[in-house]
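**Student:** Right, I'll just put the structure down here and ask away after.
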Amino acid sequence: MKKERRKQLKQLQKKLSYSIKKISILNHAFIHKSYANENPELGLEDNERFEFLGDAVLDLIISHVIMDKFPHYSEGDLTKLRSSLVNEKRIAELSRGLDLGNYI
């Protein structure tokens, strides 16, 4: 990984107030399938497996938090609340707020 890319990812970690031991894993998280396909000579693996896992982890965390915060909610109410929090539009807003597009 180039020095400039490493610096960029370290800045992101500061912005997130979270540090990842292997910065190569963070870099991997930003490799879009189209980039990997358009640059086969780089031998890159895209981030789709990370995306799959991340979706499941996010659902689990949000589910746990809302169950604790709203113990009187039914399963149906919890599902509606979770889907209002974890959806494409909300995630896109958060991503834009963090300028994550600049890291892809």
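**Student:** Looking only at residues in segment 52-84 that are over 18 Å from Leu94 (Cβ atoms) and surrounded by 13 or more Cβ atoms within 10 Å (Cβ to Cβ), which one is farthest from the chain's Cα centre (by Cα)?
**Tutor:** Looking at the filtered set, the residue picked out is Tyr73.
**Student:** Hey, another quick one. Which pairs have Cβ atoms under 8 Å, sit 6 or more apart or on different chains, and link a residue in segment 62-86 that is small (Gly, Ala, Ser) to one that is open to solvent by 60 Å² or more (accessible area, probe 1.4 Å)?
**Tutor:** Ser63/Arg82; Ser84/Arg90
**Student:** If you don't mind, there's one more thing I want to ask. Do any residues in segment 1-22 that are hydroxyl-bearing (Ser, Thr, Tyr) have Cβ atoms under 7 Å from those of residues that are surrounded by 10 or more Cβ atoms within 10 Å (Cβ to Cβ), where the two are at least six apart or on different chains, and which pairs are they?
**Tutor:** As it stands, the answer is Ser19/Gln13, since those pairs meet every condition given.
The values are calculated or read from the model by the stated rules, or taken from the named source; none is laboratory data. The model shown is predicted, which means the values in this text are computed figures rather than measured ones. Here Cβ is always computed from backbone atoms with ideal geometry, including for glycine, and neighbour counts include all displayed protein chains. For the accessible areas, the whole protein counts, side chains as well, though only heavy atoms, and no ligand, DNA or RNA atoms are used. Shrake-Rupley method; radii C 1.70, N 1.55, O 1.52, S 1.80 Å.
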